[in-house]
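Q: There's a structure below that I have some questions on.
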Amino acid sequence: MQAQLSRTALLYFFAAFSACILLLAIFLPWWILPVAGFCLAWRFLVFNGRLSFPSAWVKSSLVLLSGIALFQQYGFSVSLDVFVMLLLMGFSLKLLELYHQEDAQFLLYLSFFVLMTVFLFEQTPGYMILVFVVVFLVLAAMVAIQSADSELQEHREQPLRKAGLVFVLALPVMLFMFVVMPRLPPLWTMPLQKQQQGKTGMNDSMSPGDIASLARSSELVFRASFPDGVPDRRELYWYGMVLDYFDGQRWTDSCNDCREQWARTDRLTGQRSEGLAYQVILEPHGNKWLYALMPSSIWNPAIWMDSNNIFRFERDVSQREIYEARYLKQALSKPSVLQDSGRYLALPVKGNTRSRALAQDWKTASPDTKAIVQKALAFYRESFSYTLQPPLLGDQRIDDFLFNTRSGFCEHFASSFVFLMRAAGVPARVVVGYMGGEIHEPDRYVVVRQYDAHAWAEVWLADMGWVRVDPTAAVAPERVDLGFADAFSGNADFVFDAGLAAFKQFPLLNSLRLQLDRIDYLWARWVLGYEGDQQQALLKALGLFSPWRIAAWGGGGVTLVFVLLCLYLYWREWNSLHEPLATRCYRQLCHAYASYGVERLPAETPLQYANRIMAKGLRGADVFYELSRQYYHWCYSDTGKLPDFPSPDFLHQARVLRWQLLLHGVMGRSRDKY
């Protein structure tokens with residue numbers, strides 16, 4: 001016969017169920033909360049006796065309506081969100097059939113799988129703590145449904161104590177498994193819906209206004225750590241893409257899909273060159289590109305590089321990626337001749353005539369490439385301004401910007417500069433990526449966010465190869481010297497969208513922000529990034545060189561814990577079966593009086609022994625007599641043993657008397673000695 005759930009156990013279960021649902025609700029469609037809330041409310045009314053369990057047609061209707069809502073939300077999409085929703089819907093609807101202990105056990109076991117899905121959406125330290133709290137509640141509910149109702153009525157907090165003990169005992173096992181278990185790649189992958197629907201950050205093309213829109217976002221792009229110290233801020237140009245084709249409106253990569261120009265970095269010579277080592281923790285963005293300083297070398301079989309030293313992943317970045325790189329003081333090789341120069345001189349056949357004429361004037365005045373570059377930078381310094389809200393441009397975008405609005409964001413300056421260079425016969429191209437970032441000197445890492453997005457130019461110099469030129473620095477040098485967040489922290493638009501980064505001028509908030517970011521960085525590097533080389537290095541430091549040694553240590557630890565647990569259980573069982581608490585307390589008192597020379601005889605009853613103590617006039621004899629009388633009554637009473645014996649007062653008096661006798665005996669022996 002299946003046992004029913006007690007009222008207290010059911011309340012524990014409701015608390016654990018609600019915590020599981022609330023923890024996941026923020027990541028899933030809003031209607032999952034009404035569905036779960038309806039099921040919980042119905043079961044609670046059943047608990048109070050106001051409703052009966054739903055009929056089959058009610059449950060069938062709920063399943064049908066939930067299925068329709070699921071299809072309306074996701075359609076025929078195949079993503080992890082769909083399967084998480086199915087799991088959560090079944091988890092909620094099963095609540096309407098919760099009646100026996102076995103049903104509750106099944107749902108509580110299922111709740112562990114539900115909690116694991118949280119880490120599909122978020123892997124921050126805060127969510128780890130929340131998951132641990134809910135796991136603790138689930139364990140308490142499991143203890144409650146296995147406990148007798150009478151026991152729960154007397155000690156309602158007992159499931160919490162036992163759950164805490166189980167949780168603490170499981171932590172060492174969890175840590176050991178985390179350290180030694182190998183990180184195996186998944187057999188298959190399935191993206192979340194947001195990874196299928198949209199991509200974040202940079203696009204594979206650029207037009208005026210694209211990067212300015214990113215300046216309104218404080219979303220994390222990547223973190224980069226430098227064990228030997230962060231380079232100067234002016235060197236932190238994070239290359240992402242090179243754009244060389246302009247159609248009059250947008251810049252794109254003319255050979256974005258030219259697979260033959262790409263090569264795996266682990267097959268290239270020189271990719272393990274000496275340089276400043278750094279590690280990048282890249283957040284998922286749904287595209288293939290990654291970001292690196294230039295020039296850099298990377299040796300990674302999952303990363304490819306083209307002839308422009310631009311790196312790509314083989315697949316879209318749908319999860320956090322960690323890669324190592326080295327920042328070189330000079331490029332591995334400098335081409336002496338520019339290949340396919342026409343590609344970097346091409347312009348639309350018509351349009352922007354005033355800009356073309358200006359560039360031709362510079363070329364006529366001085367054909368020297370460096371002189372043309374300097375004239376262009378001087379031109380930008382004269383009367384241009386840097387703004388987060390650039391005005392709209394007409395069809396002749398370059399002319400409109402250079403001669404009318406003269407106000408723009410970095411993409412306006414980079415785009416117009418490359419146009420002018422090409423019109424003057426200088427090979428040039430646009431580069432997009434990120435510039436600077438928030439530098440954390442004590443921990444030697446840089447945090448790069450979307451508002452650090454930047455565009456600049458590169459020009460070809462015959463004796464130097466490709467050289468970086470940033471026209472934005474000529475107009476707004478503070479953008480490069482201070483970083484975007486510091487340079488524009490007082491801007492109203494930036495304060496609205498930048499989160500805590502906009503409140504750097506407030507020391508308390510800024511200190512809190514830095515500490516939170518530091519915790520998140522350490523978590524991402526040492527916990528989420530614990531794999532591969534880091535794991536091997538730690539295992540070697542611990543002396544775990546081989547799987548056999550790991551198995552030996554693990555087996556030995558488990559055996560030791562098992563033996564200690566068996567000894568503890570045996571000791572507790574022996575005490576409970578062979579010597580009740582009252583008997584142990586009385587025996588300890590008799591042993592204390594024996595040190596005074598009055599030992600209890602084998603056939604002597606407690607009262608007879610107490611009378612002898614009284615006759616001797618020993619210390620505490622009257623208290624001992626009263627305790628002996630109570631103990632005698634408990635042992636030999638015709639009405640049976642008292643259910644609440646020994647009482648707290650009995651235990652307290654016995655312990656106090658025992659310590660008095662022991663201390664008095666020690667002091668007496670000390671006086672006799674001297």
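Q: Looking for whichever is at pLDDT below 80, open to solvent by 90 Å² or more (accessible area, probe 1.4 Å) and farther than 17 Å from P442 by Cβ here; the options are L565, L538, L542, L560. Which one fits?
A: Of the residues listed, the single one that is at pLDDT below 80, open to solvent by 90 Å² or more (accessible area, probe 1.4 Å) and farther than 17 Å from P442 by Cβ is L542.
Q: Quick one: in region 568-606, which of the residues that are of a type in the set (G, A, S) and surrounded by fewer than 10 Cβ atoms within 10 Å (Cβ to Cβ) is modelled with the highest pLDDT?
A: Out of the qualifying residues, it is G597.
Q: Still on this structure: Would you tally the residues in region 381-391 being closer than 23 Å to D247 by Cα and either in contact (Cβ under 8 Å) with a residue 60 or more places away in the chain or β-branched (V, I, T) (or both)?
A: Total satisfying the criteria: 1.
Q: So Y609 passes all but one of these: (1) at pLDDT 85 or above; (2) open to solvent by 80 Å² or more (accessible area, probe 1.4 Å); (3) among the aromatic types (F, W, Y). Which condition number does it fail?
A: Y609 satisfies every listed condition except (2).
Yes/no per residue for (1) at pLDDT 80 or above; (2) open to solvent by 80 Å² or more (accessible area, probe 1.4 Å); (3) outside any loop (DSSP other than H, G, I, E, B); (4) within 26 Å of V558 (Cα to Cα):
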{"residue": "S111", "(1), (2), (3), (4)": "yes, no, yes, no"}
{"residue": "R156", "(1), (2), (3), (4)": "yes, yes, no, no"}
{"residue": "P159", "(1), (2), (3), (4)": "yes, no, yes, yes"}
{"residue": "V168", "(1), (2), (3), (4)": "yes, yes, yes, yes"}
{"residue": "M177", "(1), (2), (3), (4)": "yes, yes, yes, yes"}
{"residue": "P185", "(1), (2), (3), (4)": "no, yes, no, no"}
{"residue": "P191", "(1), (2), (3), (4)": "no, no, no, no"}
{"residue": "G201", "(1), (2), (3), (4)": "no, no, no, no"}
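Q: Then there is this: Which residues, taken from region 35-59, are open to solvent by 50 Å² or more (accessible area, probe 1.4 Å), of a type in the set (D, E, K, R) and part of a helix (DSSP H, G or I)?
A: K59
Q: Among the residues of region 17-34, is any closer than 16 Å to H100 by Cα and either of a type in the set (V, I, T) or loosely packed, with under 15 Cβ neighbours inside 10 Å (or both)?
A: no
Q: Scan region 132-151 and report the pairs whose first residue is farther than 19 Å from F113 by Cα and in contact (Cβ under 8 Å) with a residue 40 or more places away in the chain and whose second residue is open to solvent by less than 30 Å² (accessible area, probe 1.4 Å) and assigned to a helix (DSSP H, G or I), with Cβ atoms within less than 6 Å and a gap of 6+ or a chain change.
A: These pairs meet every condition: A144/A9; A144/P159; I145/A9; I145/A104.
Q: Another question, then. Would a scan of region 66-77 turn up a residue that is in contact with a helix residue (DSSP H, G or I) (Cβ under 6 Å, 6 or more places away or on another chain), of a type in the set (F, W, Y) and either assigned to a helix (DSSP H, G or I) or within 30 Å of Q319 (Cβ to Cβ) (or both)?
A: yes
Q: If we only count strands (runs of 3 or more DSSP E) wholly inside region 419-470, which ones have 1 or more residues that are within 28 Å of V221 (Cβ to Cβ), open to solvent by 10 Å² or more (accessible area, probe 1.4 Å) and among the acidic types (D, E)?
A: Correct list: 438-440, 453-461.
Q: If you check A292, A302, which single one turns out to be of a type in the set (G, A, S), open to solvent by 20 Å² or more (accessible area, probe 1.4 Å) and under 28 Å from the mean Cα position of the chain (by Cα)?
A: None of the other options fit; the residue is A302.
Q: Going by the conditions given, is V337 assigned to a loop (DSSP other than H, G, I, E, B) and more than 24 Å from R250 (Cβ to Cβ)?
A: Here the answer is yes, as V337 does meet what is asked.
Residue-wise test of (1) over 24 Å from M435 (Cβ atoms); (2) modelled with pLDDT under 90; (3) assigned to a loop (DSSP other than H, G, I, E, B).
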residue: V230; (1), (2), (3): no, no, yes
residue: Y239; (1), (2), (3): no, no, no
residue: T269; (1), (2), (3): yes, yes, yes
residue: A277; (1), (2), (3): no, no, no
residue: N308; (1), (2), (3): no, yes, yes
residue: D316; (1), (2), (3): yes, yes, yes
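Q: Could you list all residues from region 5-21 that are at pLDDT 85 or above and not polar (S, T, N, Q)?
A: Passing the criteria: A9, L10, L11, Y12, F13, F14, A15, A16, F17, A19, C20, I21.
Q: Moving on. In region 392-405, which residue that is outside any helix (DSSP H, G or I) and open to solvent by 50 Å² or more (accessible area, probe 1.4 Å) is nearest to A453 (Cα to Cα)?
A: My answer is L392.
The values are calculated or read from the model by the stated rules, or taken from the named source; none is laboratory data. Since we're looking at a predicted model, the values are computed, not measured. Cβ atoms come from the backbone with ideal geometry, glycine included; neighbour counts cover every protein chain shown. These accessible areas exclude ligands, DNA and RNA; they are computed on the full protein's heavy atoms, side chains included. Shrake-Rupley method; radii C 1.70, N 1.55, O 1.52, S 1.80 Å.
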